[in-house]
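The structure appears below as structure tokens.
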Amino acid sequence: MPVDSDGPPVIVVVGAGPGVGGHVARRFAQDGYAVALVSRDPDELARLADEVAALDVDVVTHALDVTDGPAMTAAVRAVGERFGRVDVLHFNPSTYRAKDPLALTPEELAADVTLGVGALLTALQAAHPFMGDGARVTVTGSMAADRPSAEAASLGVQKAGVRNLVRSIDQALAPEGIRAVSVTVRGSLSADGRFTPARVAEAVHAAAHQPVDTWQSELPLEG
């Protein structure tokens, strides 16, 4: 499908909420991006949409469970059909389940990986027809990929898995001029200090705009 080159750039934020996802949406809106917000909580989406719209950009919301494949596909396609393009697909979801390897069931692990990894595939495959040369896939990564906690065993699996998936996406789509990158947050998110959601969002924005000739599919955010 041809990509509309006349409209504003468009970012789809999967997992948009009060933390990193919302800050990513606002950061790209500051550059004039139209913003599509995808998350489960309609009340939070409405609040965030008002904040983003105050930056004088178009905003659409889709309230859904990101593990619902048909709903996710329909939502992302609707964004592409409305705006004619998707320039940035940002993926933020993961889930924290406080279970160690002796308590975590295979079914729970599979459900968590479906949310924290598999849902990226669904969103990407729906967005891809609307992505052209220069489009980007960005992902909120975590030090849990390298330093997993036994107390939340599935989180490390999710973050290692999504990082590896990003590398595969980058390799597969680079010939089309579409690049992918995960930003590995090497610390714990907090309202103050070195790892605020706003600082992570700034790192995501910078990662999406890194030079193509030195592109890296993983960039760390250090303290």
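The values are calculated or read from the model by the stated rules, or taken from the named source; none is laboratory data. Given the structure is predicted, the values throughout are model-derived calculations rather than measurements. A quick note on method: Cβ atoms are made from the backbone with ideal geometry, for glycine too, and the neighbour counts reach across all protein chains shown.
For the structure I just gave you, tell me whether residue 184 is polar (S, T, N, Q) and touching a residue at least 40 places away in the same chain (Cβ under 8 Å).
Working: polar (S, T, N, Q): yes; touching a residue at least 40 places away in the same chain (Cβ under 8 Å): yes.
Criteria met by residue 184.
Do you know which of the residues in region 141-156 that are crowded, with 20+ Cβ neighbours inside 10 Å and at pLDDT 95 or above is farthest from residue 38 (Cα to Cα)? Please lay out each step first, then the result.
Let us first name the residues in region 141-156 that are crowded, with 20+ Cβ neighbours inside 10 Å, namely 141-142, 144-145, 153-155.
Remaining after also requiring at pLDDT 95 or above: 153-155.
Numbers: 153: 26, 154: 23, 155: 21 Å.
Only one residue tops the list, namely 153.
How many of the residues making up region 166-208 are in a loop (DSSP other than H, G, I, E, B) and either within 15 Å of the chain's Cα centre (by Cα) or closer than 22 Å to residue 117 by Cα (or both)?
Taking region 166-208 and keeping what is in a loop (DSSP other than H, G, I, E, B), we get 177-178, 186-196.
Add one more test, that the residue is either within 15 Å of the chain's Cα centre (by Cα) or closer than 22 Å to residue 117 by Cα (or both), and what stays is 178, 186-189.
Here the count works out to 5.
Just one of (1) closer than 18 Å to residue 160 by Cα; (2) hydroxyl-bearing (Ser, Thr, Tyr); (3) free of Cβ contacts under 8 Å to residues at least 60 places away in the same chain trips up residue 39, so point out which.
(1)
With the requirement that a residue be at pLDDT 95 or above and surrounded by fewer than 12 Cβ atoms within 10 Å (Cβ to Cβ), what does region 172-223 give you?
Within region 172-223, 175, 209, 211, 212, 213, 214 qualify.
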